[in-house]
Amino acid sequence: MTISNATLDAFIDDHLNEQETIKVEKAVRESPELQALLSSIIASRDMGDHSIGAIWRREHLSCPTREELSSYKEEALDPQRIDYIKFHLETVGCKACKANLSDLNCTKGSLKNADAHEKHRQFLENSKILLPKKQ
Ligand SMILES: [Zn+2]
């Protein structure tokens, strides 16, 4: 796919459909030249935040799921996906995903999970009282 300045403009303005947006995003990700071009377009528009990362973060288009982040941490994903998530975290610098990842890192498994499990159980138990009885 050839990416023109106009396409990048539309990308920035969120005027592309979802598929096009994903295509542009992928192309930009794979091309340092496009990244530079996109950056310069954004900078010349004098938006409050000039970074490519800001746009992606705003759109949350490329965010991996929490499950994926967890697998990423354990390197239990295919190398391409690991690469992508690394890019997303380190180059795009997605704050949401970074926060998610650090949360996953400090959740030392069993204890917190057991806790959450117990809360969930209690919640279900309590809601039984509120739900109408089956006829
Ligand atoms: Zn993200």
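Read-outs throughout are calculated quantities, based only on the coordinates presented, and are distinct from any laboratory measurement. It should be emphasised that the depicted structure is a prediction, and the values quoted were computed from it without experimental measurement. FYI the Cβ positions are ideal-geometry reconstructions off the backbone, even for glycines, and counts take in every protein chain you see.
Data for the structure
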read-out: Theoretical FRET efficiency, 1/(1+(r/R0)^6), r = Cβ-Cβ of Ala36 and His117, R0 41 Å, to 0.05; value: 0.25
read-out: Of Lys26/Lys95; Lys86/Lys119; Lys26/Lys98, those spanning more than 23 Å from alpha-carbon to alpha-carbon; value: Lys86/Lys119
read-out: Neighbour-count ranking [beta-carbon atoms within 10 angstrom, fewest first] of Asp103, Asp13; value: Asp13, Asp103
read-out: Residue exposure sequence - Leu124, Leu34, Leu69 - by fewest surrounding Cβ within 10 Å; value: Leu124, Leu34, Leu69
read-out: Modelled FRET efficiency - R0 25 Å, Gln19 with Lys95, Cβ distances, 0.05 increments; value: 0.45
